[in-house]
Amino acid sequence: MNKDENDVLILAIESSCDETAASVVKNGRYVLSNIISSQIDLHTLYGGVVPEIASRKHIENIDAVITEALKQADVTLDEIDAIGVTYGPGLVGALLVGLAEAKALAFATNKPLIGVHHIEGHISANYIEDVNFEPPYMALVVSGGHTNLVYVSDYGKYEIMGTTRDDAAGEAFDKVARVIGMGYPGGPKIEKAAREGNKDAIQFPHVFLEDGSYDFSFSGLKSAVLNYVNKMKMTGQEIVPVDIAASFQYAVVDVLVTKTIKAAKEKGITKIAMAGGVAANTALRDAMKAACEKNGFTLNIPSIILCTDNAAMIGSAAYYEYIAGRRDGLELNAVPNLKLGERI
Ligand code: KG4
Ligand code: ZN
């Protein structure tokens, strides 16, 4: 490819959960390739991600995924400026596969290695399609493992305003889907079913917690769904899964949107961004859009392929770490419970 003198090309690797992914990203904003090998079909057989299987599949796939990312980008390893890799949070065995590969590549080619926080990656997905999108903004991060309201004051500067006290939003989708027999992964299945259902059919709790808190709690809602299903079964009444899906989804979306708008107002900013797998949910996207329009806020949401796990978002985050001077040594280890903003 034609590379200008000032261009920075990052080869990024992501393997924290059940997608093996590699991408080449130019200057943090331009995706030259974005290869994702998903293991979802395999884990569906077991009703959720099986860590041992995830690690094994990452090992089997990672070389081919990286080769394809370089090929589609029309870039040689020589032309790459740095290797970015997710080093946490995530499943430790899964993270180690991507990290070992990144370290080997960095060592063999003598290129800088940059460890990236998975959630920083999700947030950075917002820089990709709208090349003018910049901090400061309020980010709602909703994935299988995380629910965070993050005030991003500058590139790489994060203030966590709220976090989940129990289940993450995506986890709640997955668990409720299991309760009503929809299988894994729950999010897309609940979304599809909810389209046919009535969101006002069942009054599930919309949990806002104490006044002024930006934290989230979804385990009570999950139990409420379970209790409802059990009660209906015990009293011989028919359950309507599409109504349960719609009412549950409404309870989650209402809380997420209300708290995001409140947090932005508290910080006096009018720019909102969304990130993570649950940000692929159309009901959430539409409700956030409506709330932002009502309040005169602007909203940025990555397209669905950049919301769920991918390596392009890691390449974008790695670029901003790269220009800020971050370099990691070969001693960099996987940190399964890495906190956002923490440097290990
Ligand atoms: O960000 P992600 O791909 O992986 C993690 O970092 O966890 O998020 C996966 C989560 C799963 O819980 C999945 O059910 C949820 O995102 N998800 C959705 C949708 N698509 C994926 N949740 C609701 N609606 C969707 N359309
Ligand atoms: Zn993720």
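The values are calculated or read from the model by the stated rules, or taken from the named source; none is laboratory data. This one's a predicted model, so the numbers in the text were calculated from it and none came from an experiment. Don't worry about glycine lacking a Cβ; one is built from the backbone with ideal geometry, like all the others, and counts go over all protein chains shown. The area values use the complete protein model at the heavy-atom level, side chains included, leaving out ligands, DNA and RNA. Shrake-Rupley method; radii C 1.70, N 1.55, O 1.52, S 1.80 Å.
List of remarks:
- Counting only residues that are out of contact with any Pro (no Cβ under 7 Å at 6 or more places or on another chain), among the aliphatic types (A, V, I, L, M) and under 15 Å from ALA201 (Cα atoms), the stretch 219-250 holds 9 of them.
- Positions within the stretch 1-54 being more than 23 Å from LEU105 (Cα to Cα), within 16 Å of ligand 1 (Cβ to nearest atom) and not charged (D, E, K, R), in sequence order: GLN39, ILE40, LEU42, HIS43, THR44, TYR46, GLY47, GLY48, VAL49, VAL50, PRO51
- Condition check for LEU226: more than 16 Å from ligand 2 (Cβ to nearest atom) and in contact with a Lys or Arg (Cβ under 9 Å, 6 or more places away or on another chain): yes
Matching residues to (1) farther than 18 Å from VAL257 by Cα; (2) at pLDDT 95 or above; (3) under 15 Å from the mean Cα position of the chain (by Cα); (4) not in a helix (DSSP H, G or I):
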| site | (1), (2), (3), (4) |
| --- | --- |
| MET138 | no, yes, no, yes |
| TYR151 | no, yes, no, yes |
| GLY162 | no, yes, no, yes |
| MET182 | yes, no, no, yes |
| GLU191 | no, yes, no, no |
| PHE208 | no, yes, no, yes |
| SER213 | no, yes, no, yes |
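- Count - residues of the stretch 146-179 that are surrounded by fewer than 21 Cβ atoms within 10 Å (Cβ to Cβ), within 15 Å of ligand 1 (Cβ to nearest atom) and under 20 Å from GLU342 (Cβ atoms): 2
- For ALA324, the stated conditions do not hold, so it cannot be described as open to solvent by 10 Å² or more (accessible area, probe 1.4 Å), closer than 30 Å to VAL65 by Cα and in contact with a Cys (Cβ under 7 Å, 6 or more places away or on another chain).
- Single residue of the stretch 270-301 satisfying the filter (polar (S, T, N, Q) and either under 15 Å from the mean Cα position of the chain (by Cα) or within 11 Å of ligand 1 (Cβ to nearest atom) (or both)) that is surrounded by the most Cβ atoms within 10 Å (Cβ to Cβ): ASN281
- Annotation note: of ILE114, ILE80, ILE59, the sole residue that is more than 17 Å from GLY329 (Cβ to Cβ), in contact (Cβ under 8 Å) with a residue 12 or more places away in the chain, touching a Lys or Arg at 6+ places or on another chain (Cβ under 7 Å) and surrounded by 15 or more Cβ atoms within 10 Å (Cβ to Cβ) is ILE80.
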